[in-house]
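Working notes for the structure below.
A short reminder: the numbers here are calculations on the coordinates, not readings from a lab. Note that the structure is a prediction, hence the values are computed from the model and not measured. As a convention, Cβ positions derive from the backbone with ideal geometry for all residues, glycine included, and neighbour counts pool all protein chains shown.
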Amino acid sequence: MITNYLLSAMIGIMLFFTVVVAPTVFKVLPVEYSSKYVRNFFPKYYATLGLITIISAFTAPDGSSQLLLAICAALFAFTLFFLTGKINLAKDEGKSRQFHILHGLSVVINLFQLLVFIYLVVAN
């Protein structure tokens, strides 16, 4: 039961950021401020969701749920400790194509995680 609460909270956080926060930040703030905000936000986003995912893995009702959550936790760690730095570096160096590829990868990973969380809530 607690796993579903944690998963539901993560789904809410992910959807709220994607649908409300990110579009608002980029519409309201100038580029230099929106970029600075996003760079400071994402490490906290990935670390927090990664930690909650690890906790969820330990409270999950079965082995397949635990495995899916472990994969999602590993992806949060990969994005936090590797991908985010590469995205920022590509942006700083003006490597637009590399930035868009890496950013696209981070979006696909995030979408995969979101879909896994939704699946687990519906399946349980």
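Amide H to amide H distances under 5 Å link L29 with no residue, where only residues 5 or more positions off or on other chains count and H is placed in the peptide plane. In the list (i) 58, 33, 23; (ii) 50, 34, 32; (iii) 46, 26, 18, the label attached to Cα extents along the principal axes in Å as derived from the coordinates here is (iii). A straight line joining the Cα centroids of region 1-50 and region 62-111 runs 14 Å.
3J(HN,Hα) along region 19-34, derived from phi through the Karplus expression 6.51 cos²θ - 1.76 cosθ + 1.60 where θ = phi - 60°, amounts to 8, 10, 5, 4, x, 5, 4, 6, 8, 8, 8, x, 3, 5, 7, 5 Hz, with x in place of Gly and Pro. Each Lys and Arg contributes +1 and each Asp and Glu -1, all at the Cβ; summed about the Cα centre of region 2-123, the dipole is approximately 340 debye.
Here the contact order of the chain, divided by its residue count and restricted to Cα pairs under 8 Å and six or more residues apart, works out to 34 percent. Axis angle, to the nearest 10 degrees, between helix 2-16 and the longest C-alpha principal axis of the chain: 20 degrees.
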